[in-house]
Amino acid sequence: MRHLINITDLTCAEIDSLLDLADRMMKAPAAYRETMRGRILATLFFEPSTRTRLSFESAMLSLGGGTLGFASADSSSATKGESLTDTIRTVSAYTDVIAMRHPKEGAPLAASFKSTVPIINAGDGGHNHPTQTLTDLLTIRQEKGRLHGMTVGVCGDLKFGRTVHSLISAMSRYPDVKFVMISPQELRVPEYVLAEMRKKNIPYTETERMEDVMPSLDVLYMTRVQRERFFNEADYVRLKDTYILTEDKLQAARQDMIVMHPLPRVNEISTRVDDDPRAVYFKQVRCGRFVRMALITALVHAAEAGADTLFAQEERNEY
Amino acid sequence: MNIDSIQRGIVLDHIKAGRSMELYRYLGLDALECSVAIIKNVKSEAMGRKDIIKIDDNISIDLDVLGYIDPGITVNIIENGRITEKKHLSLPETLTNIVRCKNPRCITSAETGLDQLFVLSDRENAVYRCRYCDTPLKTKDA
Ligand SMILES: [Zn+2]
């Protein structure tokens, strides 16, 4: 049974097929209104995330399927002391696919060992969030027309920001991708991520100043710099404005660069940037819905066909 | 039990000097009924000094545990007083229920009944990572 726990569970070919399907769904959503008719998606949110949960539910409803689940651990049987694996065994008897978010790292993997339906990791602590990465990839491909041959700037908290690590590991698999890491010293990309990149000969540079590298970027991926990550208030005050994207700083960027952000945003992108055609973070949200539609469809079809490869049934299923 | 020769059993050779007691505990040899000899600080041409453990019975030994603790150990199987098999160890690809994950944010800290799984992520540097949370194992501790 195929699950999506980590973005690296998917081959590049499977990612390409998922993005292709998401593109087709976005262009002609009506054609997919019945694709998941009669199937049920469980959204098990042991930790609340309204944004992500709504995105999954919207995706399943758009495909003609139904949803059930809970929005926080208070309303689940976990508060009665039921184990995660018992909850999963029960819910997989009621549903055809499960999207789960859990505060503990690795919880979706543990769930996948006992589930009889595909598990989608909708975030496990600060660990993995593969549907965010799929969303990011779809956005980049739609806006730039490709995933290879790209200089990707990632900016902000690169130490704890796992969406960034996951994006790096996914984009590193495409040829000729360079990374520019823009962060304060304290929030640099962890050494083990950099070591992995060096091992694969992925070129990268590190800088503290966004302005210096702006003209070289095809993509600027912004993340939040959280106050609590700093050792002292003085450093935070000194650095926080450095990592705020303003109209002024955007002046130096290429006309075809895109600005992305996983949202929610606090103040790291000035709202005055929102109307710039290069700002695509709200388009990203829309991509999130369609990429989840594609993922649900592919996982459910693979499970129903007993296939170990996504899209092995593609010809027969006419999507 | 004659320490020099056993008729039927296992000899763990080339143990790093001083680590035999640790192995004794890991392998649960204290629970055995048969004779077990721990020989410390044996002179060795290759290693300077080494430890040896002799077990006077052909028990089943978890080679993964052994390989994880010290891939340099040689396992000699003895039948009729002669070595019938020599096993050289290597770092196992996975460790199942040998070590525990210490990350408090890991699901294994909250959910009982899960296998403790570690995967070899860097053979050169002997780095294992928790299959659930990817946290690397720091030292070889149980
Ligand atoms: Zn762990």
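The values are calculated or read from the model by the stated rules, or taken from the named source; none is laboratory data. Nothing here was measured: the structure is a model prediction, and the numbers come from that model. So basically every Cβ, Gly included, is an ideal-geometry build from the backbone, and we count neighbours across all protein chains shown.
Here A:Arg141 qualifies as out of contact with any Gly (no Cβ under 9 Å at 6 or more places or on another chain) and closer than 30 Å to A:Val280 by Cα. Could you list all residues from the range A:144-172 that are basic (Lys, Arg) and modelled with pLDDT of 95 or more? Matches in the range A:144-172: A:Lys144, A:Arg146. The residue that is farthest from the ligand (Cβ to nearest atom), among those in the range A:94-114 that are away from chain B (no Cβ under 14 Å) and touching a helix residue (DSSP H, G or I) at 6+ places or on another chain (Cβ under 9 Å), is A:Asp96.
Candidates B:Thr108, B:Thr84, B:Thr96, B:Thr135: the one that is exposed (fewer than 15 other Cβ atoms within 10 Å of the Cβ) and within 15 Å of the ligand (Cβ to nearest atom) is B:Thr96. Within the range A:1-30, residues that are surrounded by 17 or more Cβ atoms within 10 Å (Cβ to Cβ) reach partners that are among the small types (Gly, Ala, Ser) and in a loop (DSSP other than H, G, I, E, B) with beta carbons closer than 8 Å, at six or more positions or on different chains, in the pairs A:Arg2/A:Ala307; A:His3/A:Ser115.
When the range A:116-134 is limited to residues that are away from chain B (no Cβ under 14 Å) and within 23 Å of A:Leu68 (Cα to Cα), the one that is nearest to the chain's Cα centre (by Cα) turns out to be A:Gln132.
Is there a residue in the range A:73-81 that is within 18 Å of A:Thr43 (Cβ to Cβ), surrounded by 20 or more Cβ atoms within 10 Å (Cβ to Cβ) and within 14 Å of chain B (Cβ to nearest Cβ)? For the range A:73-81, residues within 18 Å of A:Thr43 (Cβ to Cβ), surrounded by 20 or more Cβ atoms within 10 Å (Cβ to Cβ) and within 14 Å of chain B (Cβ to nearest Cβ): absent. Among the residues of the range A:1-55, those that are part of a helix (DSSP H, G or I) and among the acidic types (Asp, Glu) comprise A:Asp9, A:Glu14, A:Asp16, A:Asp20, A:Asp23.
Criterion first (crowded, with 23+ Cβ neighbours inside 10 Å and in contact with a Gly (Cβ under 7 Å, 6 or more places away or on another chain)) does A:Asp136 satisfy it? Considered against the rule, which asks whether it is crowded, with 23+ Cβ neighbours inside 10 Å and in contact with a Gly (Cβ under 7 Å, 6 or more places away or on another chain), A:Asp136 comes out as no.
Restricted to the range A:145-223, the set of strands (runs of 3 or more DSSP E) holding at least 1 residues that are in contact (Cβ under 8 Å) with a residue 60 or more places away in the chain comprises A:150-155, A:177-182, A:219-222.
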